[in-house]
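Worksheet for the structure shown next.
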């Protein structure tokens, strides 16, 4: 069976510090991978998605970047965090299940920027 | 602009009630629509996925319907239980938005004994 891991589970960082969140998927190959952010009181917003190693699409301009160094590894980064980067970050993967694209989500990382 | 709206934002019901959560979307050209459950501080659990060619999907006490022409979906929960308390999210994959799910803000459900 497939599993998705995210770490850390929670993170408190000062403004201006760097960020690295990691997501890994097990039990599948060549998945599509996604980073979402859920800000307080708002819905989930897609930040990045990747259809393969080194292939990253950005959905919104922002202070963040993403990388996919391996098939089942997706990393979200920032060089200098802003207060507005606080939120709940969710990684997801998808595969063509029953002929359509079901997305499966990880447990999330709660990021607080102070 | 492609948007997804969920009504109500919050709902509190006594145990045993049947209830309906609503989701509306602005563009009828969709690939699929998915309902998720999110417990506080947790990730999302997929409940039901309705393909654009389908009218409804059922899983246990849950039934989701899709009416593309009116841009609406409903999630029906039968005989609600306290364990159903969570936030329910509707997400739409619009045609031309490959891989991209647009989420509603969610309905926060509380079922009290």
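With the gyration tensor restricted to C-alpha atoms of region B:1-44, the semi-axes of the equivalent ellipsoid amount to 24, 15, 10 Å, longest first.
Diagonalise the Cα gyration tensor of region A:2-41 and give the resulting equivalent ellipsoid semi-axes, square root of 5 times each eigenvalue, largest first, whole Å. Could you put the intermediate results ahead of the total?
Values: eigenvalues 122, 31, 19 Å².
Computed over region A:2-41, the values are 25, 12, 10 Å.
The GNM of chain B, with springs linking C-alpha atoms under 10 angstrom apart, assigns the highest mean-square fluctuation among B:91, B:78, B:64 to B:78.
Pairwise alpha-carbon distances in chain A exceed 22 Å for 28% of all pairs.
Calculate how large, on average over all directions, the projected area of the Cα convex hull of the protein assembly as shown is; give the answer in nm² to one decimal. Intermediate results must be reported in sequence, preceding the final value.
Details: hull surface 49.8 nm².
The Cα convex hull of the protein assembly as shown, projected and averaged over all directions, gives 12.4 nm².
Among B:87, B:74, B:58, the residue with the largest mean-square fluctuation in a Gaussian network model of chain B, with springs joining Cα atoms closer than 10 Å, is B:58.
Cα extents for chain B along the principal axes, largest to smallest and rounded to whole angstrom: 44, 28, 20.
Each listed q (0.18, 0.25, 0.35 Å⁻¹) maps to a log10 I(q)/I(0) for region B:73-113, found by the Debye formula over equal Cα scatterers with no solvent: -0.62, -0.88, -1.19.
Throughout, read-outs are computed from the coordinates displayed, never taken from laboratory work. Just so we're clear, the structure is a prediction, and the values are computed from it rather than from any experiment.
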